[in-house]
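Only one structure is covered here, and it is reproduced in the block below.
The values are calculated or read from the model by the stated rules, or taken from the named source; none is laboratory data. Worth saying up front: this structure is predicted, and the values here are computed from it rather than measured. Counting neighbours? That spans all protein chains shown, and the Cβs are built from the backbone with ideal geometry, glycine included. Surface areas here come from the heavy atoms of the whole protein model, side chains and all, with no ligands, DNA or RNA. Shrake-Rupley method; radii C 1.70, N 1.55, O 1.52, S 1.80 Å.
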Amino acid sequence: MANVQLRPWVWATSGIAVLSALFFVTPLTLAGCLAGATYLLVSSLLVSLGLGHRGMTRLGPANAATATRSTLVGLITAFVVTSFTRPIPVALLIGLTVAALLLDTVDGWLARRFRSESELGARFDMEVDAFLMLVLSVFNARDLGWWIVAIGLMRYAFVAVGWLLPWMRAQLPPRYWRKIVTAVAGVTITLAATGLFPLAVDAIALGVALLLLIESFGRDVIWLWRQRRTHRAMSATSASSEIGDPLPSLGASAVRQEI
């Protein structure tokens, strides 16, 4: 399995092929299919650019697992966009989400098993997680209020601030609590999408998840603020290594190793 390799365009075209098939056998709309396909094409392009910057052309087994999870996120995106204009099979949406969450434990294990951990793989994994959280936030927002989208936008707000404030792009130290908070948010937002619980219960649970995310991101911002002088001293030497690399724009603002 260590020899398993995958070109990014293979995962994108495979996902688009699945979307095309689902278009004819499920309630997926054309807009939904286009949204899912756009996500797959853009994400595969960015990963391809990241690989090229590092002199690589293929994904190893760990990143191939992440690419499979990214394909599921593309399908989930298509169903969420469709849900705004017609009913969708929620059970299928939840099944795809659960599969994506379970696969999230596989890519990390494969990276450790084959000693193939990399910054690229960590960022790829993180961005797939972040987009899944955003899509599920949008799905739940229709019934529970658009404040829930703040859960999915938290990561992107963190990145955007990093574009404006260079000290926010420093490397964060590992923190297990960060993983717990992200896992809680992911499980909570998935359970809310099932519709099994009263809206009030879902709203309270998601409110708690949002507060936990605010605390976690806030703690990281405070740590980065305290380290900003060190970052200024190191930024000049590290800037040249990032020129032309598309992934700092993907995972900038300090690599937060959530899951």
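Just a few scattered comments:
- For the stretch 192-203, the Karplus equation 6.51 cos²θ - 1.76 cosθ + 1.60, evaluated at θ = phi - 60°, returns couplings of 5, 5, 5, x, 7, 10, x, 4, 5, 5, 4, 5 Hz by residue, with Gly and Pro reported as x.
- Nonlocal amide H pairs with L59, under 5 Å, H built at 1.01 Å: L6, R7
- Cα-projected label distance for L164 with I222, points at 7 Å along beta-carbon direction, nm: 2.2
- Length gained on full extension, A157 to A91, computed as 0.36 nm times the residue gap minus the Cα-Cα distance: 20.7 nm.
- Backbone phi angles across the stretch 167-183, fed through the Karplus curve with coefficients 6.51, -1.76 and 1.60 (θ = phi - 60°), yield HN-Hα couplings of 5, 7, 9, 5, 6, 8, x, x, 8, 5, 4, 4, 5, 4, 4, 5, 5 Hz in residue order; Gly and Pro are listed as x.
- Loop-located trypsin sites (Lys or Arg not before Pro) in the stretch 88-141 (DSSP state other than H, G, I, E, B) with a sparse environment of at most 10 neighbouring Cβ atoms within 10 Å: R115.
- The spacing between the stretch 146-220 and the stretch 53-130, judged by their C-alpha centroids, is 18 Å.
- Apportionment of accessible area to carbon and sulfur, the stretch 33-76, percent (1.4 Å): 72
- Charge dipole (the chain, unit charges on Cβ, about Cα centre) - positive-most of F217, G195, G74: F217
- Using the Cβ-Cβ distance between L45 and L199 with R0 = 41 Å, the FRET efficiency computed as 1/(1 + (r/R0)^6) comes to roughly 0.60.
- Phi angles of the stretch 157-165 translate, via the Karplus equation with coefficients 6.51, -1.76, 1.60 and θ = phi - 60°, into HN-Hα couplings of 5, 4, 5, 4, 5, x, 5, 8, 10 Hz per residue; Gly and Pro are given as x.
- Extension gain, R112 to T38: 0.36 nm times the residue separation minus the Cα-Cα distance gives 23.5 nm.
- Label assignment, Rg and Dmax of the Cα atoms in Å derived from the structure, set (i) 22.4, 71; (ii) 18.5, 58; (iii) 16.8, 52: (ii)
- Helix-derived mean residue ellipticity, 222 nm - over the chain, DSSP H n ≥ 4, -39500 (n - 2.57), to 500: -26000 deg cm²/dmol
- A Cβ-based charge dipole, computed about the Cα centre of the stretch 41-180 with Lys and Arg at +1 and Asp and Glu at -1, lands at about 240 debye.
- Simple rule: put +1 on each Lys or Arg Cβ and -1 on each Asp or Glu Cβ in the stretch 95-227, find the dipole, and look at A99, A183, M133; the Cα lying farthest toward the positive end is A183.
- Carbon and sulfur %, accessible surface of the stretch 78-180 computed with the full protein complex present, 1.4 Å: 69
- At a probe radius of 1.4 angstrom, the accessible area of the chain per residue rounds to 49 square angstrom.
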